[in-house]
Structure formats: structure tokens, C-alpha cells
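> Quick one: the structure is below, questions incoming.
The values are calculated or read from the model by the stated rules, or taken from the named source; none is laboratory data. As the structure is a prediction and not an experimental result, all values here were calculated from the model. Note that each Cβ is placed from the backbone with ideal geometry, even for glycine, and that neighbours are counted across all protein chains shown.
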Amino acid sequence: MFVSLRCVARGLPHWHWNSQPNVSLFQPPRKPDTEDRLIPFPDLVIHFPHDFVIQTLILLLSDPPIGSFSLNITDFAHPPGKEETSVSDPDSSFIHAMEIQIEAPAKKTKRLTSVVWNHFERVRKGEICYAVCVHCKKKLSGSSNSGTTHLRNHLLRCLKRSNYDVSQILAPKRKRKDSSVSLTNLTYDEGQIKDEIITHTYRIDPEPRKEEPSQTVSLASINFDQERSRLDLARMIMLHGYPLAMVEHVGFKIFAKNLQPLFEVSSNSATELDCMTIYVKEKQNVYEGLHNLHCRISLAVDMWFSSENARYMCLTAYYVNGDWKLQKKILNFITLDPSHTDDTLSEVVIKCLTEWSIERKLFSMTFDDCSTYDDMVLRIKDWLSQNKPLLKKGELFDVRCAAQVLKSIVQDVMEALRDVTDKVREGIRRVRSSQATLGKFNEFSQQFGITAERHLVIDCPMQWDSTYLMLEAAVENKGAFSLLQEHDPSYTTLSETEWEWASAVTSYMKLFVEVTNAFTGSKYPTANIYFPELCDIHIQLIEWCKNPDDFLSSIAMKMKTKFDKYWQKCNLVVAIAAILDPRFKMKLVEYYYPQIYGSDAMGHIKQVSDGIGGLFNEYTVSSSSLDQDTALPDGTLPTASNGTRDRLRGFDKFLHETSISQSSISDLDKYLEEPVFPRNNDFNILNWWKVHTPRYPILSMMARDILGIPFATLGRDLVFSNRGRVLDHHRSSLNPDTREALVCGQDWLRVESGDKQVSLSHPAVSLYIEPK
């Protein structure tokens, strides 16, 4: 049986006719040009099987397309074109005729299939459709054209939502049935990052539609680790020096909640405990690392202060690791209570050495002042000598910070020239007080050939390098100041003698600025760089003391007295460090000492030669015992493999002893007799010794220990400042244990976080600097 179906369609934008039998009559069309465009259809007469028409009627009545249409259905007992029977005969082949009129709504509301609508209520006001959040009542666009992405994003940011399962919200719609997304969860532990990467894989399937075959949505749960995230927050605070109280800040809480709604921000006290946990773990790692070193360690002792006049002692270890890289580790940051007097500071240091068990590895200690700590050093040396004799009987143990010595000398010079400096400062202020005066002064400067680039500047009194720049510019414009005084009698400038003093002191300070920049700006701040700079200062001080002017000669004598104290303590170890530079060797000592000591130079050169020779002999003895202990445990000699008596055991002993003796004799001499290495600015002495270790096995051990000595522990932020080390208020207000954990932990985490350009002369802590 066949059916003739006549349709008159008016505006069916979402459907099109399909005249193939056994296929749904209406199917979704391709995307129209506009949503409301009407697609006209001509009158159609289509023939289908009877059962197919019944299915079509059910579909149309249950889900009518937009617009209106009419269907004229005639039932035939035979195909069209054949002879038809009479309508009046109920038993004939013509069964019945039927007309159905359907008026569909002008526009059908789209089904809300996304899971986000579980959290929104759709409200229509006039022609505008809103989506109202059921949690915060915020109105967002609810139009079908807007999609649901903005609704998903709002749910993730909604602070008033509780801990709902966000997995469905985070799953965006995909056109493809299967897709995967990989995420990595990174931490600050970069040293173990390969082992700690966690990968989450999400399977995202398209949401099912009734018009299409049903598809399942498979979504893996998100593995959020509260404890790990909390420790990451503590590491961040330690690494960057943030205050612990930041976890209580409203802005941070909002940021954390928006970033991860499941994360519960810890309290201040809980974060402090997390920092202590990290500190204990990292301290154990540092402890093991120091004990695995096959070299000696040099220790720097620095004093710190707070705005409340509290005192702190910072102990920092310096060494060259097995890869010949210069390293430093802050071991302790100790709070000194009022009961700690200067004569008891040695007990504090000894306690720290015992805690870290490095007393037998200690090579030297560097202090930041030449005039104090002498008694403290003697007590520490006596205590260390009880366990193990110091190298060279402790002659190389006491080292003082060269940068601090230069800073102290400059401060004495600035104090002596204070009156002249004040006059220069006031004169510059007078010149810069008006445009007319400044314009006239610039005209006078041009008459003396002074370029416009040399502007007058007023210094910052707490930065002595800025005072140097002010004096330098003023001295260069001396003639312009004199002409300005002639033009304006009310203006007074320096006298001729004062100008001479200012010029001489400026030349002094220029040398100190250059040397200080060499100390703090070196790419490889190893111990070998200091000797030539200190020798230049020594030679200049000798010449300045010969100045016929009593004022200038008195300043030079005061500077030389302070420098001589430093030179007396450190000249031997500084010279040995320079000899271990293959570009200099003994030649640099032979060049400078005649200029410093004159006719007595040969005696001082011999002292240095004997000093490095004696030190090398001590290393030879210690390395021999070490080699013997390693090669021949318990003092035994090798035997035959079958356990029988070895007739050449005596030869093995003879060969072992003679090889050690020959190598110890020739190692240092061979190094000194070979030509010096060509000088270049990018020379890395540690790389040189790393390559030449097989050639100089014992001397390289000595070079590794000597080159790691910190001769300058001040960075640029302190060395040019007239202020001391002052801890910021945030850290000074903490309890002593937490303060030490944060300071030391920051230094240790910087290395682990990949900051391989850590300056060895700059403090590892972000510090607030104030006058002492």
C-alpha cells in the first residue's frame, strides 16, 4: 500500500524534505544564512509506504518544525498511476482521505542540555534572555547565541559557591568524540622535577543530543593535592622573602580562591610550621652535601643589626664543589641576645661548627672588620688546633673582608673632607636654584671647554660613590665656579687650597671606586683577583703619604695605617692565591713587591715562596696518607689473587712510596717553571684548574681550597653605602628559630630553583638597609 502526501510548507528554516523512503522525513539542515530566514518550498506530492507515513506523523506531532504547514494524505491500495476505485465504496482500494493543519509556534525555545544550567535559572524579560546564577544571583546573558562558556567561567570564579564537583563545569564541548588534554603539576623542587611531574588525562566526549545517537560523557576526576599546594606556598614565601602574614591578606585569598576554589589557604601559624618543615628537610640535604665534599671550607662571619638595635650573626660557607664551581651556603643566622658579649661570640661560632660537624674541614674564616674580633679568632684557632692542627699553624686562617676595609678607609676620608664637601654641595644647590643662574653657569663652563654632559649633581650623603661623582663634576667645573663668583659677588666658592684638597681627594676616591667595582663586579669572584688591586692601592698610599700638603699627607697616613693592618694579616694568603693564577704565578709578586718594599723586596718575596712551598708540603703529606688509606686499607699490602704469598709485595710498597715522593717534589716546581698562561678578560681560573687537575693532582687540591676563600663579602648595595647591614622589620619581628629558617631556607632554595647566577658577594636575603 502506498500513500500520496501533499505538503504546502511556509517557512521551515530548521528542516528540509527528504523524499527517500525509509528515511526520516525531516532532518536538520545546513546552517542557514540567518536564523529567521524562511526557506520556500513548492507544493510537493510524494509517495511513501504506509508504515513510513505513520512514523512521520508521530514525529511531526511530537516535535513540529517552526512555521506552519498542511498535509493532504490520500491512502491508495495500489501505486499512483493505476486505476483507482470509487470513494463511496468502503471496501474499495481507496481507504480514506485526511487533511491535517498544524500551526507551530513562531519560534521554539532551545533545550538547555549543558550541565551549567544546573547552576543557572533562565529568565526572559521582553526580548532579552538572562541566566541568573543560583549562588550569587548575578545576571549573565542567557541567549542561545551566547553559548555557555561565560557561564562556566563565572561558576569557577563564584566565591559564594561551596566545594561543588567542578569536573563537569571544566569539561568544554567538543565536536570530536574523543580528545585528551595533558596537564603538568610543577613544584619548586626543580632538582626532582622529573620525578614529581603529575599528569592528568581528561577524556572529553561531546554532550548527547536527542537528534543523534546517544554518546557517553567520560571525565576523569581532577587530582588536587591540598598538602602539596600548601607546601608549595610555603616554598614560595621562603624563596622570595615574602612576609608570612601574606596568607592573611584579603587580596591573596581572593586570588587563591579564583585560581583553585578547592585550595584552603592556611593560617599564618600553619604556614610558619610548613616553612619550618621545609627548612629541616633542606638543612639535612645541605648537611649531607657538605660532608660529601672532598675539599676544605672557608667560613664568613657577618654581623647584622635591626632597627630595634638587636644583633645577629650570619655564618656562610664558601667552597669549590666537585665540578669546580664556586658555591656558598648560609649555615646559620643567629640572634644574639644582650648576654652575648664580644668575648663570648667565639662560643657561638664553635657551637655552630660542632652542629654542622665541619671543624675538621675548615680552612679559613673571614671577618668584616680589621680592628675587632682578634680575641674571638684566637679562641677559635685554639679550639680547632685541639682536634686537628691548622695549615701553616693558622697563618692563613684569619682573613678580613677587603671590601669592608676599603669602605672604612673611604669613610675616614669623607669625614676629614666634610667641610669642603658641604661647601661644594651648597654651591651646587645655589647654581641649580634658578634657571638664570644655571644658564649663566653653563655659559661659563663652555668657555672652559666643559661639555654639557658633565652636569652638576647633588650627592646622596649615604652613598659615598655619589659623593665622589659630585666632587668630580665640581672639580672639573672649577673655572666656571670662579667666573660665577666674579659675576655675582654674593656667591662664594671654595678657596684655592680647598680646591686642591677636593681635587686630591677625588683622585683618591676614584681609585677606591675602580677597585671596589673590580671586587664586586667580577664574573668569577675567586681569591686570585684581589692581589693586583690591593697592590695598586698599597703603592698609591705610599705616594700619597709623600704629599707636601700637611692636610693631604695626614689623610694619606691615616688611610695607610688602616690598610697596613689588613695587609699584615692577609698579604700571604692573597699572594698565594695570585700565584695559583696561571696567568701570574710568581711573576706578579716579583713585579709588585719591589715597588712596595723597595730594597727589602727580596726578603718578602722569599717569605711568599717559602709560604706556598710549606703549604704544598702539608698538602702532600695529607694526600699521601689519604691515598695510602684508600689504596691500602688498614695498612696492608696486596696479595696474590689465590691467597698465596706474593713475592713482590715489597716492590709494591717501594713503588707506592717512590711514586708519591716523586709527584710531591715535581708538582709545584713543574707548575712554576712552565710559562704563564696568556692574559684575557674572560679567563675562568676554575675551569683551567679543572682541566689541569690530572697534571697537578696535589697542587689542584690546594688551589681548590685557596681560590674559594671569600676576600670580599659585601655586595654593591652595601659596599658603596655608609650604612650597615640591617634586617627588615618583617624578619626582625619573628622568633629566632623562624627567622633563621627563613633566611637560610631562602638561600638554599635559590640554588634549587635554578637560579644559577647567584652572586657570591651579594646577600641572599632581601634586606632593608638603615644606618647603624
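> What pairs come out if I take residues in segment 589-600 that are among the basic types (Lys, Arg) and pair them with residues that are exposed (fewer than 12 other Cβ atoms within 10 Å of the Cβ) whose C-beta lies under 7 Å away, six or more apart or interchain?
none
> Let me ask another. Checking Val247 against (1) surrounded by fewer than 21 Cβ atoms within 10 Å (Cβ to Cβ); (2) part of a helix (DSSP H, G or I), which test does it fail?
The number of the failed condition is (1).
> Looking at (1) in a helix (DSSP H, G or I); (2) exposed (fewer than 13 other Cβ atoms within 10 Å of the Cβ), which one does Ser445 not meet, given that it meets all the others?
Single failed check for Ser445: (2).
> Please determine, by comparing only the residues of segment 220-235 that are touching a Leu at 6+ places or on another chain (Cβ under 8 Å) and surrounded by 14 or more Cβ atoms within 10 Å (Cβ to Cβ), which one is modelled with the highest pLDDT. Can you show your working first?
First, the residues of segment 220-235 that are touching a Leu at 6+ places or on another chain (Cβ under 8 Å): 222, 224, 226, 235.
Narrowing further to those that are surrounded by 14 or more Cβ atoms within 10 Å (Cβ to Cβ): 222, 224, 235.
On the way: Ile222: 61, Phe224: 87, Arg235: 95.
Among those residues, the one meeting the criterion is Arg235.
> Within segment 686-718, how many residues are assigned to a helix (DSSP H, G or I) and over 20 Å from Met365 (Cα atoms)? Lay out the reasoning, then the answer.
To start, the set of residues in segment 686-718 that are assigned to a helix (DSSP H, G or I) comprises 686-691, 697-707, 716-718.
Filter again for over 20 Å from Met365 (Cα atoms), leaving 686-691, 697-700, 716-718.
Total meeting the criteria: 13.
> Would you point out the residue of segment 475-490, among those that are among the charged types (D, E, K, R) and not in a loop (DSSP other than H, G, I, E, B), that is surrounded by the fewest Cβ atoms within 10 Å (Cβ to Cβ)? Write out each step before concluding.
Let us first name the residues in segment 475-490 that are among the charged types (D, E, K, R), namely 476, 478, 486, 488.
Those still in the list that are not in a loop (DSSP other than H, G, I, E, B) too: 476, 478, 486.
Details: Glu476: 17, Lys478: 16, Glu486: 9.
It comes out as Glu486.
> Only residues in segment 485-511 that are under 14 Å from Ala473 (Cα atoms) count as the first member; pair them with residues that are part of a loop (DSSP other than H, G, I, E, B), Cβ under 6 angstrom, at least 6 apart or cross-chain, and list the lot.
The qualifying pairs are Val505/Leu417.
> Could you grab me the full set of residues in segment 117-133 that are of a type in the set (A, V, I, L, M) and surrounded by fewer than 19 Cβ atoms within 10 Å (Cβ to Cβ)? Show your work before the answer.
Within segment 117-133, the subset of a type in the set (A, V, I, L, M) is 123, 128, 131-132.
Hits for segment 117-133 are Val123, Ile128, Val132.
> Are any residues in segment 545-581 closer than 24 Å to Phe683 by Cα and out of contact with any Pro (no Cβ under 9 Å at 6 or more places or on another chain), and if so, which ones?
Taking segment 545-581 and keeping what is closer than 24 Å to Phe683 by Cα, we get 571-581.
Once the filter is applied, which keeps residues that are closer than 24 Å to Phe683 by Cα and out of contact with any Pro (no Cβ under 9 Å at 6 or more places or on another chain), segment 545-581 yields Asn571, Leu572, Val573, Val574, Ala575, Ile576, Ala577, Ile579, Leu580, Asp581.
> Can I ask one more? Quick one: would you say Leu406 is touching a helix residue (DSSP H, G or I) at 6+ places or on another chain (Cβ under 9 Å), surrounded by 16 or more Cβ atoms within 10 Å (Cβ to Cβ), outside any loop (DSSP other than H, G, I, E, B) and at pLDDT 90 or above? Step through it out loud before you land on a result.
Values: touching a helix residue (DSSP H, G or I) at 6+ places or on another chain (Cβ under 9 Å): yes; surrounded by 16 or more Cβ atoms within 10 Å (Cβ to Cβ): yes; outside any loop (DSSP other than H, G, I, E, B): yes; at pLDDT 90 or above: yes.
So Leu406 fits the description; yes.
> Look through Lys393, Lys381 and report the one residue that is in a helix (DSSP H, G or I), crowded, with 16+ Cβ neighbours inside 10 Å, free of Cβ contacts under 8 Å to residues at least 24 places away in the same chain and of a type in the set (Lys, Arg).
Details: Lys393 fails: crowded, with 16+ Cβ neighbours inside 10 Å.
Selected residue: Lys381, the only one of Lys393, Lys381 that is in a helix (DSSP H, G or I), crowded, with 16+ Cβ neighbours inside 10 Å, free of Cβ contacts under 8 Å to residues at least 24 places away in the same chain and of a type in the set (Lys, Arg).
> From the list Val431, Val413, pick out the single residue that is farther than 25 Å from Ser554 by Cβ and buried (at least 17 other Cβ atoms within 10 Å of the Cβ).
On the way: Val413 fails: farther than 25 Å from Ser554 by Cβ.
Result of the check over Val431, Val413: Val431.
> Kindly provide the set of residues from segment 250-285 that are among the aromatic types (Phe, Trp, Tyr) and either in contact with a helix residue (DSSP H, G or I) (Cβ under 6 Å, 6 or more places away or on another chain) or surrounded by 13 or more Cβ atoms within 10 Å (Cβ to Cβ) (or both), ordered by number. Can you show your working first?
Residues of segment 250-285 among the aromatic types (Phe, Trp, Tyr): 252, 255, 263, 279.
Matches in segment 250-285: Phe252, Phe263, Tyr279.
> Based on what the data block shows, is Lys423 in contact with a Gly (Cβ under 7 Å, 6 or more places away or on another chain) and assigned to a helix (DSSP H, G or I)? Let's see the steps before the verdict.
Working: in contact with a Gly (Cβ under 7 Å, 6 or more places away or on another chain): no; assigned to a helix (DSSP H, G or I): yes.
Taking the combined requirement at face value, the residue does not satisfy it.
> Something else now. Mind checking which residues of segment 672-685 are touching a helix residue (DSSP H, G or I) at 6+ places or on another chain (Cβ under 9 Å) and either assigned to a helix (DSSP H, G or I) or hydroxyl-bearing (Ser, Thr, Tyr) (or both)?
Leu672, Ile685
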